[in-house]
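The numbers here are math on the coordinates, done by the rules we state, and not lab data. These numbers were taken from a predicted model, which means no experiment stands behind them. Heads up, the Cβs are rebuilt from the backbone with ideal geometry, glycines too, and the neighbour counts pull from every protein chain shown.
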Amino acid sequence: MTIRPAVLLLSLLAGAAPALAADCPTGVFIATAGPDTASALEIDPSGQFRYMFSEGAVDEAAEGRWQCVEGALLLSTQPRPKPPEFHLADITDSAEAPFSLLVTWPDGQGIPAVDFKLSFDDGETISDYTQSDGWSYDLGGRRPRSVQVFEPFFGTISPVIPLPDRDHIRVNIVLTPNDMGVADFQETRVTNEDGRLILHWRDRAIPYAASRDD
């Protein structure tokens with residue numbers, strides 16, 4: 001399921017002025033979360049919604065059904081998106097650094113800014129993030145026992161991956177995007193507070209104001 005956020009935003013802005021459907025408002029609403037956030041939310045009286053969001057490196061969109069429960073909107077994306085996922089591609093011997101980690105897309109292109117944590121037998125950890133050509137380091141003879149990677153923009157987390165007890169290894173982890181960029185709303189709440197809609201999503205409360213035709 002692919003939705004182009006820029007096209008969706010333009011189509012939402014062309015919508016009608018908001019109106020009330022039962023106890024919940026309908027219409028087109030624009031985020032008022034600051035100059036770095038571009039977002040729109042359309043609540044259609046038919047029970048459908050559309051959403052787009054762009055902020056920094058994050059672009060996401062969604063569409064699906066809404067219901068009104070005690071004055072709050074509950075959004076559910078349809079069809080439900082398949083989340084991105086990490087998996088271990090291989091662990092190979094390396095003649096270069098004692099330890100190196102590479103995170104790639106399925107086509108082999110390196111992914112920068114993926115957070116990771118190396119864990120050792122004594123309980124100590126090393127946390128850092130990848131570059132597009134990976135991450136390499138001389139651990140001073142220490143051998144990590146496991147690695148876990150975290151995609152910071154959409155919150156994708158890998159399982160803990162055990163590592164072999166030997167030096168000079170290169171760990172290659174692949175991130176399969178699946179429906180990355182489609183917001184997985186599942187009865188996600190949108191409350192009506194002081195004439196504004198508040199989307200409660202990803203531990204944030206994003207305010208939206210009604211968009212009215214001139």
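Quick one: length gained pulling Val69 to Tyr137 fully straight, 0.36 nm per residue minus the C-alpha distance? Intermediate results must be reported in sequence, preceding the final value.
Working: separation 68, 0.36 × 68 = 24.48 nm, distance 5.34 nm.
Gain on stretching Val69 to Tyr137: 19.1 nm.
Can you check what the net charge comes to around Arg166, using other residues whose Cβ is under 13 Å from the Cβ of Arg166 (Lys, Arg +1; Asp, Glu -1)? Working shown, then result.
Working: positive: Arg142, Arg143, Arg145, Arg170; negative: Asp93, Asp165, Asp167.
Taking every Cβ under 13 Å from that of Arg166, the sum is +1.
Dividing the helix sum by the residues of the chain, where each DSSP H run of 4 or more adds -39500 (n - 2.57), gives a mean residue ellipticity at 222 nm of -1000 deg cm²/dmol. For percent of Cα pairs over 32 Å apart, the value computed from the atomic coordinates appears in the list [x] 14; [y] 35; [z] 25 under label [y].
Pairs of Cα atoms in the range 108-214 fall into 10 Å distance bins, from 0 up to the last occupied one, in shares of 11, 32, 23, 17, 11, 5, 1 percent.
The Cβ shell under 13 Å around Gly110 holds other residues with a net charge of -1, Lys and Arg each +1, Asp and Glu each -1.
Taking θ as phi - 60° and the Karplus parameters 6.51, -1.76 and 1.60, the scalar couplings of the range 32-37 work out to 10, 9, x, x, 8, 10 Hz in sequence order, x denoting glycine and proline.
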